[in-house]
Amino acid sequence: MRRGAALFVAIAAIGTFHGVAIADQSTDVNNLKLGVQSLTDTVIDQQKQIDALKKKQSESYGSLKLDKFSITGLIQSRAVQADSGNHIAFPQGSNNSLGVGAAYNGSYAMDGSAGTLEVKRARIIMLGQPDPTTTYKMQLDVAGAVNSPTANAFVKVLEAYGKYTPGDGSSKYPSITMGEFANPYGYILPLSPAGFITPERPLAFSENTNVGMWDSQDYDKGLKLTYGPKNVTLIYAAVNGAGRNSENIYDHFDSLYRVGYASDDKLLNAGISYYDGQIYQAGTADKITTPIGKKELLGLDAEGYTKHGSFLIGEYERGTYEKVGYFAPNGNGTYTFAATNDVKGNMAQGYYIWGGHTYNKQSNHAFTLAADYDVFQRSLSDDTKSFKSGSSYDDVNYGFGTMYNLDKATRLRLWYDKPLEVAHEYGTMTPPRYGLYTAEMQFSF
């Protein structure tokens, strides 16, 4: 019996130990299951976060916003062709081997040949707001590096500035901007090329060298004060006056003043601008041997839109601009653009009108029909001996075309411009009035 009892006790003990072991293993398994479930939940949460981030990035493409930072831009690829059938007297651009300037459209295509494929603009814009009161912006144009294989190809810095607004950063407080920014004069000068109706700015407002009254001055370096809590915006800017390509080499800063109005629905906008400065001349700081021309301009602009898609945009500027340019004959059927500085008291004026209608403007396939009329009178002064007023120093163009959005990021533009008058030296023959066809694809992101 003792052996049996001992055996029974031993078996019971083994069974108890075994049961405890099984129970412990069961607990471990349950704990393991809980651990796996917790890990699974974490992975699912992380995947949800990744999916949400992907969704956010996908939805924000076209203005890639990553919290307080965004990247946008545009690419304008073009085919241009002059409407001349005479290839001997074909209006070549300034990059031509003969080194002569284009003599059609008052210089709409001054930077290129009369028939070419080109990347007119390729821009990247970086915008950020690290704090509610601080905003920064940088805009680069890399089209120069794309179009030209020469050593002169370069990337242009168009904008690089910071803006500070006190208080809560809202528009009820004035802001201060410092750096390189769009000149706050009129409508077309600070407007992005993505918003142009015509392929280029109108002549009097052109930023191309020697074409209008804003040589490389679509952007400039300086300081700007802005205040616009409601429908009226007040702006003052002090700038170098040398544009984006150069620095101020004189002891003078140019001043800009602007008062702008916008209706509550933004269908009616208007403004008055005033520029008080000098005509920048590169290469010298000697104001005695090389007098500096005066640049004092008054501008008016108005933009009207209807809810149905029609629009009418107009702008006018007039003032003292002591520089006169025109196309001079070379004697071989070609023309070179010539400019005379320090034309004392010279008065100039320019204006343009854009009109048209946009169909389905709220859709991704908006379709626009439009036309333009563009006038730049380079000399209105009767008291200058070298230059006489009249159409001799006038550029007058008209144009028409269409724009169609293939999708929300891609737009096709077909445009034709034709000069009625081309500025030329008084007493000489009028240069050929060649028209220009432009076919453009614009890609925005």
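Readers should treat all values here as calculations from the given coordinates under stated rules, not as data from a laboratory. None of these values were measured; they are calculated from a predicted model. Cβ atoms come from the backbone with ideal geometry, glycine included; neighbour counts cover every protein chain shown.
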Checklist outcome for this item: Cα-Cα longer than 20 Å, checked against Lys172/Lys266; Lys266/Lys361; Lys120/Lys295; Lys120/Lys156, kept in input order, equals Lys120/Lys295
Next on the checklist: For a quick check: with amide H placed at 1.01 Å from N, whose amide H comes under 5 Å from Tyr219's, ignoring anything fewer than 5 positions away on the same chain?
Outcome noted: Asn183, Arg244
Checklist entry - Can you list residues whose amide H is under 5 Å from Met347's amide H, if they're 5+ apart or on another chain and H is modeled 1.01 Å from N? => result Tyr321, Leu380, Ser381
Checklist entry - Between Ser70 and Phe445, what length comes free when the chain is fully extended (0.36 nm per residue of separation minus the Cα-Cα distance, one decimal in nm)? => result 133.9 nm
Checklist entry - Based only on the alpha carbon positions, what is the Kirkwood hydrodynamic radius of segment 310-358, in angstrom? => result 13.7 Å
Checklist outcome for this item: In whole Hz, the Karplus estimates of ³J(HN,Hα) for segment 165-174 (6.51, -1.76, 1.60; θ = phi - 60°; x where Gly or Pro) are 10, x, x, 8, x, 7, 6, 6, 10, x
Item to check | Peptide ranges 116-124, 403-411 listed from the most packed, as the mean C-beta count within 10 angstrom indicates | outcome: 116-124, 403-411
Checklist entry - Separation of segment 289-357 and segment 170-209 by C-alpha centroid, Å? => result 16 Å
Item to check | R0 of 35 Å, Cβ-Cβ distance Glu296-Ser171: FRET efficiency to nearest 0.05 | outcome: 0.70
Checklist entry - When ranked by the protection proxy of mean other Cβ atoms within 10 Å per residue, highest first, what sequence do the peptides 177-187, 309-319 form? => result 177-187, 309-319
Next on the checklist: For the pairs Lys230/Lys307; Lys137/Lys408; Lys307/Lys408; Lys163/Lys307, flag any whose C-alpha to C-alpha distance is greater than 26 Å.
Outcome noted: Lys163/Lys307
